[in-house]
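Values in this text are rule-based calculations from the coordinates and carry no lab data. These numbers were taken from a predicted model, which means no experiment stands behind them. Here the Cβ is made from the backbone with ideal geometry for all residues, glycine too, and neighbour counts use every protein chain on show.
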């Protein structure tokens, strides 16, 4: 049975100021219910791709389709199309400060449901559900800009959860999180995915990939897709990960013998070595 495509990207090119290349001929497809990881080093194009999928940018060559419809400025000028798309697809930015703007956490979470013309009771119910799910009851009267990095991340996720999107776009979601918060975030993603959500997560944190993604797309430093495949297959390809600057080969002494072991850096922890 063929899975309904959510996104279809065909030969997408994008550059900033027409000079700084961000994407160079990217093609990929995401099906409903997929859990996808977009891997690549900083500056490889991951965040730009998510912004194309969210309709914030548009390809300068090629095409991006969502739910069978091409994403373009003209399409978003259609209020019906724009409203439906924004209801179904949500982006959680890497920097939570970019996303949070309301005077209180409660207002922040209520903002998206209020744009849906829901009843007051339904808005309150959605806020309460999001607050409980993200375990931020103690923050609802606080100003978002006064929260810690981990608290801001939870509020940003709650503001999206209250929208109840079909598709979640997560940009480097573990940035600035301690190990406990990272573990909680993984659990949150898996819980939402079990309810039918489609997740596309950009990251260079390899530690979470095997848990949050069934399939992986890898960017190299030329802003092209270097590989795609099942998560286990991609993570086992050391040559690919080295070439795309996702792991590093450092030299280590073992007695009188010098060895070079590929490894990646686990945030707030010791190096993880591949034998």
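Overview of values
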{"read-out": "Average Cα contact separation per residue, the chain, under 8 Å, 6 or more apart, as relative contact order %", "value": "22 percent"}
{"read-out": "Rounded FRET efficiency, nearest 0.05, which uses the C-beta distance separating residue 77 from residue 13 and R0 of 22 Å", "value": "0.45"}
{"read-out": "Estimated [θ] at 222 nm from DSSP helical runs (n ≥ 4, -39500 (n - 2.57)) normalised by residues in the chain, nearest 500", "value": "-9500 deg cm²/dmol"}
{"read-out": "Exposure proxy ranking, count of Cβ atoms within 10 Å, fewest first, for 129, 122", "value": "122, 129"}
{"read-out": "Among beta bridges that DSSP assigns inside region 94-228, antiparallel share in %, nearest 5", "value": "40 percent"}
{"read-out": "Translational D in µm²/s for region 165-230 (Stokes-Einstein at 25 °C, 0.890 mPa s, Kirkwood Rh from C-alpha pairs)", "value": "192 µm²/s"}
{"read-out": "Cα-only Debye scattering, the chain: base-10 log of I(q)/I(0) at q = 0.07, 0.08, 0.10, 0.17 Å⁻¹", "value": "-0.27, -0.36, -0.55, -1.43"}
{"read-out": "Fewest-first sequence of 202, 41, 159 by Cβ atoms within 10 Å of each Cβ", "value": "41, 202, 159"}
{"read-out": "Tensor-based shape of region 1-146 (alpha-carbon gyration tensor, a/c under 1.5 rounded, otherwise prolate or oblate)", "value": "prolate"}
{"read-out": "Cα gyration tensor shape for region 83-161, rounded if a/c is under 1.5, else prolate or oblate", "value": "oblate"}
{"read-out": "Proxy reagent accessibility, fewest Cβ within 10 Å first, across 180, 61, 19", "value": "19, 180, 61"}
{"read-out": "Share, in percent, of DSSP beta bridges within the chain that are antiparallel, nearest 5", "value": "65 percent"}
